[in-house]
Amino acid sequence: MNAMEVGVSSNQPSVYAVILAGGGGTRLWPLSRMKHPKHLLALNGNDTMLAQTCARVRPLIPNERVMVITVAEHAQAARDQLPDIPSSNFVVEPVGRGTAPCIGLMALLIRKRDPNAIMISLHADHVVEREEEFHRVLQAAVQAAQDNHLVTVGIQPAYPETGYGYIERGAPLGRAGGQDIYRVERFTEKPDLETARSFVQSGRFFWNSGIFIWKVSAILDEIRRLLPELYLQLLDIESALDTPQQSEVVERVWPTVRAVSIDVGIMERAHDVVVIPADFGWSDVGCWSSIASLLPTDSEGNVAQGEHVVLDCKDTFVYSSGRLVAVLGLHGMVVIDAGDAVLVCPKDRAQDVKKVVEELKRLGKVQYL
């Protein structure tokens with residue numbers, strides 16, 4: 001028996017990991033596309049981000065309790081990436097409906113298998129640099145979740161990032177597994193720079209990692225209370241889960257579901273939400289400047305991958321997917337060559353790359369999406 005594995009002893013609930021493998025990662029265009037999104041890219045190593053996410057939880061949770069929800073066009077690629085995960089643990093979302101319906105559906109499936117289970121929900125496209133600390137925090141969160149809290153992991157902010165949501169801590173609740181636990185005072189969506197600076201300076205705010213831990217019964221109770229229409233739609237699906245009719249019923253019900261995020265739909269309004277502060281080298285690698293910050297630099301702060309020539313440049317990220325890319329005299333820039341499209345922008349505008357995607361949609365240039 002793996003000594004690290006959570007939820008394996010007779011007096012502990014079983015713990016499941018749910019990996020949310022949706023989204024397109026529009027801020028990582030032109031590499032991230034609708035048919036080949038961020039979590040299917042190998043941006044900082046040989047494995048895709050999805051495969052890295054799955055490997056990250058394996059020391060804690062066996063393959064039979066690792067589950068993946070993804071969209072139809074990425075389902076086969078996800079299965080190919082994770083051959084050790086049972087096929088019945090992959091759930092296909094016919095159309096994107098946001099994280100609240102996805103989490104509700106997966107919680108319902110887990111409840112059918114084990115009504116007393118605890119669920120860890122995490123995204124397929126995040127980076128964690130210090131995995132031992134990550135494991136320690138999750139073990140503490142599982143312990144806290146046994147007291148019926150909805151638990152989230154807050155990342156100690158390293159700088160005033162405007163691309164992340166923030167969590168403000170409230171009153172301390174004690175400790176679990178050696179980790180401090182606080183009530184959540186409020187969630188704040190992506191702030192402007194001045195607000196982000198005040199958050200970081202206060203010492204009371206954390207980055208919202210999007211990592212949640214709870215009893216499946218606790219999160220389904222909150223969905224029933226706060227999103228009653230969604231709860232009834234999930235109940236329409238329940239009897240078909242883990243049967244040959246599952247896909248057919250999900251495909252029938254899912255288009256009628258209203259899209260909503262778990263943060264807006266549940267976490268901002270739930271009664272008993274707590275946060276565990278953490279610092280394990282987390283990033284959602286949401287833009288090219290954040291990718292660059294994770295990779296080795298030269299003496300001038302440049303990062304270059306693929307065939308390249310970099311002359312008289314500083315703090316510049318260059319990526320080539322095949323052909324030679326030469327840059328000269330650039331400072332604080334991003335240059336990404338995807339073969340059929342090239343992106344050039346200042347690093348401090350990297351969060352705005354999604355505007356390029358929006359413009360391509362407006363112009364009807366779907367071949368580049």
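The values are calculated or read from the model by the stated rules, or taken from the named source; none is laboratory data. Please read these numbers as outputs of a predicted model, since none were measured by experiment. So basically every Cβ, Gly included, is an ideal-geometry build from the backbone, and we count neighbours across all protein chains shown.
Observations on the structure shown:
- Here is the figure for segment 28-50: residues that are touching a residue at least 24 places away in the same chain (Cβ under 8 Å) and either touching a Ser or Thr at 6+ places or on another chain (Cβ under 6 Å) or under 24 Å from ALA117 (Cβ atoms) (or both) total 3.
- Selection status of SER209, among the small types (Gly, Ala, Ser), closer than 30 Å to THR26 by Cα and either surrounded by fewer than 14 Cβ atoms within 10 Å (Cβ to Cβ) or out of contact with any Pro (no Cβ under 8 Å at 6 or more places or on another chain) (or both): yes
- Residue match in segment 312-333 (condition: acidic (Asp, Glu), modelled with pLDDT under 95 and not assigned by TED's automatic domain parsing to the domain that holds ARG56): no
- The strands (runs of 3 or more DSSP E) located wholly in segment 312-354 that include 1 or more residues which are charged (D, E, K, R) and either in contact with a Lys or Arg (Cβ under 7 Å, 6 or more places away or on another chain) or buried (at least 19 other Cβ atoms within 10 Å of the Cβ) (or both) occupy 333-337.
- Index of the failed condition, ILE276 passing every other in (1) at pLDDT below 95; (2) assigned to a strand (DSSP E or B): (1)
- For segment 14-33, a residue qualifies if it is outside any strand (DSSP E or B) and modelled with pLDDT of 85 or more, and the qualifying residues are SER14, LEU28, TRP29, PRO30, LEU31, SER32.
- Qualifying residue in segment 170-185 (condition: of a type in the set (A, V, I, L, M), in a strand (DSSP E or B), in contact with a helix residue (DSSP H, G or I) (Cβ under 7 Å, 6 or more places away or on another chain) and in the same structural domain as SER121 (by TED's automatic domain parsing)): yes
- Residue that is surrounded by the fewest Cβ atoms within 10 Å (Cβ to Cβ) [pool: residues in segment 247-262 that are in contact with a strand residue (DSSP E or B) (Cβ under 8 Å, 6 or more places away or on another chain) and over 18 Å from ARG224 (Cβ atoms)]: SER247
- Condition check for GLU300: touching a residue at least 12 places away in the same chain (Cβ under 8 Å), charged (D, E, K, R), loosely packed, with under 15 Cβ neighbours inside 10 Å and farther than 26 Å from MET106 by Cα: yes
- Of note, ALA140 does not satisfy the criterion of being in contact with a strand residue (DSSP E or B) (Cβ under 6 Å, 6 or more places away or on another chain), surrounded by fewer than 20 Cβ atoms within 10 Å (Cβ to Cβ) and not in a loop (DSSP other than H, G, I, E, B).
- If you check LYS347, LYS365 for being without any contact (Cβ under 8 Å) to a residue 24 or more places away in the chain and of a type in the set (Lys, Arg), only one passes: LYS365.
- Odd one out for ARG175, checked against (1) touching a strand residue (DSSP E or B) at 6+ places or on another chain (Cβ under 7 Å); (2) surrounded by 21 or more Cβ atoms within 10 Å (Cβ to Cβ); (3) of a type outside the set (S, T, N, Q): (2)
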